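Heads up, the thing below is written out as structure tokens.
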Amino acid sequence: MMDWSRVRIATGARVLWLVFGLLLGLPTLSNGLQTSNTADLCFGIGMVLVGVRGFLRPVMFGKAMRMELDPRTSQVSIGTPMLHGGLSLVIFVALTAGIVIKYVIKG
């Protein structure tokens, strides 16, 4: 069971990542569905999942810029490490497939 009480921590970063993923992903996903374009479909799914993953475990920009590990990562994160690992794998596959289909195969 996920601990949704953690959403209050780093709310700004969570919203930023969610909006970023949805703004880039939903139009691309919609275009992929309307035109039956597999590349846009894969890339759109990947970007929506980037937003979801960023909401569940946001990157703290101040710490990321200084290349430091944030000791609050476990406090901020919603979900299990297995969930985040799975999401990262699916994101990588979807974005890579979208880019390869669009620029390499249909090149």
Accessible surface, 1.4 Å probe, highest first, among residues I105, I45, I91: I105, I45, I91
Accessible-area value, S36, 1.4 Å probe, nucleic acids and ligands omitted, Å²: 100
Charge tally in the Cβ shell below 13 Å around T38, where Lys, Arg are +1 and Asp, Glu are -1, T38 excluded: +1
Charge tally in the Cβ shell below 14 Å around W17, where Lys, Arg are +1 and Asp, Glu are -1, W17 excluded: +3
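The values are calculated or read from the model by the stated rules, or taken from the named source; none is laboratory data. Computed from a predicted model, the values in this text were never measured in an experiment. Cβ: placed from backbone, ideal geometry, glycine included. Neighbour counts: every protein chain shown. Accessible surface areas use protein heavy atoms only, side chains included; no ligands, DNA or RNA. Shrake-Rupley method; radii C 1.70, N 1.55, O 1.52, S 1.80 Å.
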